[in-house]
There are 2 protein chains.
Amino acid sequence: MTLTILGCHAATPRTFHNPTAQLLEVRGHLFLIDCGEGTQVALRKSKVKFARVKHIFISHLHGDHFFGLIGLISTFTLLGREADLHVYGPKGIKEIITIQLKLGKAWTNYNLIFHELDSKSPQLLFEDEKVEVHTIPLDHRVYTNGFLFKEKLGERKLNIEAAVAAKIDNSYFRKLKSGADVVNLKGKLISNESVTFPPDPPKSYAFCSDTAYCPEIIPQIQGVTALYHEATFLEEHKHLCEKTKHTTAQEAATIARDAKVGQLILGHFSTRYDRLDRYLDEAQPIFENTQLAEDFKVFEI
Amino acid sequence: MTLTILGCHAATPRTFHNPTAQLLEVRGHLFLIDCGEGTQVALRKSKVKFARVKHIFISHLHGDHFFGLIGLISTFTLLGREADLHVYGPKGIKEIITIQLKLGKAWTNYNLIFHELDSKSPQLLFEDEKVEVHTIPLDHRVYTNGFLFKEKLGERKLNIEAAVAAKIDNSYFRKLKSGADVVNLKGKLISNESVTFPPDPPKSYAFCSDTAYCPEIIPQIQGVTALYHEATFLEEHKHLCEKTKHTTAQEAATIARDAKVGQLILGHFSTRYDRLDRYLDEAQPIFENTQLAEDFKVFEI
């Protein structure tokens, strides 16, 4: 899994700070998560092939998380896109996009498929043989979901030396990867475990923004390889969290610790702080393996 | 009049090219003309005080001319704006903006006043004692207006030396500027022309984008001080103009020549050309005083 931060700042796009957008590359997919204003320019700067983005997940309908979507959809049209595009987001997102396409007489020349969300329970949004994507219901001023991306358990890995020594014909190697026992060239049954290694443990990534401190999500994100969690405020502004339904760095670290995640990435920083390392100062005493998101930073998960 | 180009490129925002947006400073007003995606960031880069923008004019509902509007309106709210904001644009623009504010539960805390346009004749949009703004109906794939900004004739200018020599009390100086004759300290009537200079000739600026070649606008823009005219294509792609309803550099120069404007500024460049000076090569033989727009370039008109 490779996570590219396209933007990780709260509220408004600024000269050197982008609002929320991320790209998650996993098992051949390139998932776009949120799409603040300017995301298409950030994608260009990241040299991403636009046609590879086939699924866009929008957490909620605040501008810093979706105002770039209509522009990206339109640019796909101008670039002659043919591949289907799936957009997952809160109920209403279809109307926002389609009224703009209609009034601009600018319908897409590709299939644009909306998956509108209104459930307050986790939903399975996407699944194929390699990956699953679920919603993570969050607690914000408007209806909001995080997203949980889970690899499925992959194939077993061939222990080539052992397989050759066990005189297994290489036409059986695919079958071995699928976990089956096979018969060797001498007619003897060879147990799978003796000539294969277990698959890599599947990785998982949870994106949680925007939200008030919400320990209800802990069972769902328990043990994820990486958690991106919003941390809009530092402790000195904790009183603002209640009104705005955001989280402090300490609270995000508490979620990470209690969910026993592998690593924590903080983002959605308020513009009021000059020194972002203050977020680390507050989070790391609670959860050590914490890093800060940064526009265009790439995390190998 | 000072014109700041915030963006002058067609179709999609790119790493180093912004879509259409301009700021016109005239007699204390700061008018924003069009608002492609990323305009709020371009405004920040130009160090503009956001609160000074009180009137936004949107030519048409293609994304490269208005996708930045919702973000700018939202940012004004986040910055605590109190001043009224007037938005002039095609019918439908109010619905596009309000549905996004409604679904984001993010109503503005200032008065947001829409002036929706659907007339195919020139309309007076704004007038005060110093300035008038009119629509210029254009010919594009969707309903589109250019905008004509006209200074009104200012006050006469005091010839201080002559006024003192004519023994006029300085309490009459305001009256002199308004054009009236006055009585001097010796009771003699002094003619206004003998102690004042005429006001500067009023300036005017016409913004015309996007449009097919449209000589019907010539009477309305006759003699303007400066004309911004779209020139999406060069002659080699003239065949694309009919389908897309755009203009070539030669056609824009023909409009400028026939309307006897003071200067021509070309913009809305297609991304297909590497060398923009080719636009000048084609326009200047027809209208010599032609310049190219450029993001963040400032024109003193």
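For the reader, a short list of remarks on this structure follows.
- Averaged over peptide B:81-92, the number of partner chain Cβ atoms lying within 10 Å of each residue's Cβ comes to 1.
- For region B:98-140 and region A:19-49, distance of Cα centres in Å: 33 Å
- From phi via Karplus (6.51, -1.76, 1.60), per-residue ³J(HN,Hα) for region B:33-44 in Hz, x at Gly/Pro: 10, 6, 7, x, 4, x, 4, 5, 6, 4, 4, 4
- The spread of Cα positions in region B:19-156, taken along each principal axis and listed from longest to shortest, comes to 49, 36, 25 Å.
- Radius of gyration and Dmax over the Cα atoms of region B:157-197, both given in Å: 8.4, 23
- Distance-filtered residues of region B:277-296 - backbone nitrogen under 19 Å, label point 7 angstrom along B:E236 Cα→Cβ: B:277-285
- Using a cut-off of 23 Å between Cα atoms, the listed pairs A:K150/B:K102; B:K130/B:K175; A:K130/A:K203; B:K54/B:K150; B:K203/B:K243 include A:K150/B:K102; B:K203/B:K243 as exceeding that distance.
- Less than 5 angstrom separates the built amide H of B:F296 from those of B:I5, B:L6, B:G7, all sequence-distant by 5 or more or on a different chain.
- The protein assembly as shown: C-alpha gyration tensor shape, a/c 1.5 cut-off, then a/b vs b/c: prolate
- Gain upon complete extension [A:T108, A:K297; 0.36 nm per residue less C-alpha separation]: 64.9 nm
- DSSP loop GluC sites (Glu not before Pro) with at most 14 other Cβ within 10 Å excluded, longest remaining stretch of chain A: A:156-287
- Stretchable slack from B:K260 to B:L153, in nm (0.36 nm times residue separation minus alpha-carbon distance): 36.5 nm
- Within the straight-line cut-off of under 20 Å between alpha carbons, the aspartates and glutamates reachable from B:K47 are A:E37, A:D274, B:E25, B:D34, B:E37, B:E82, B:E294, B:D295, B:E300, sequence neighbours fewer than 8 places apart in one chain being disregarded.
- The alpha carbon radius of gyration of region B:206-301, expressed as a multiple of 2.2 N^0.38 Å, is 0.97.
- Split chain B at each of the chymotrypsin sites (Phe, Trp or Tyr not before Pro) in a DSSP loop with at most 12 other beta carbon atoms within 10 Å, and the longest piece is B:108-301.
All of the numbers you see were taken from the coordinates with simple rules; none came from a lab. As the structure is a prediction and not an experimental result, all values here were calculated from the model. FYI the Cβ positions are ideal-geometry reconstructions off the backbone, even for glycines, and counts take in every protein chain you see.
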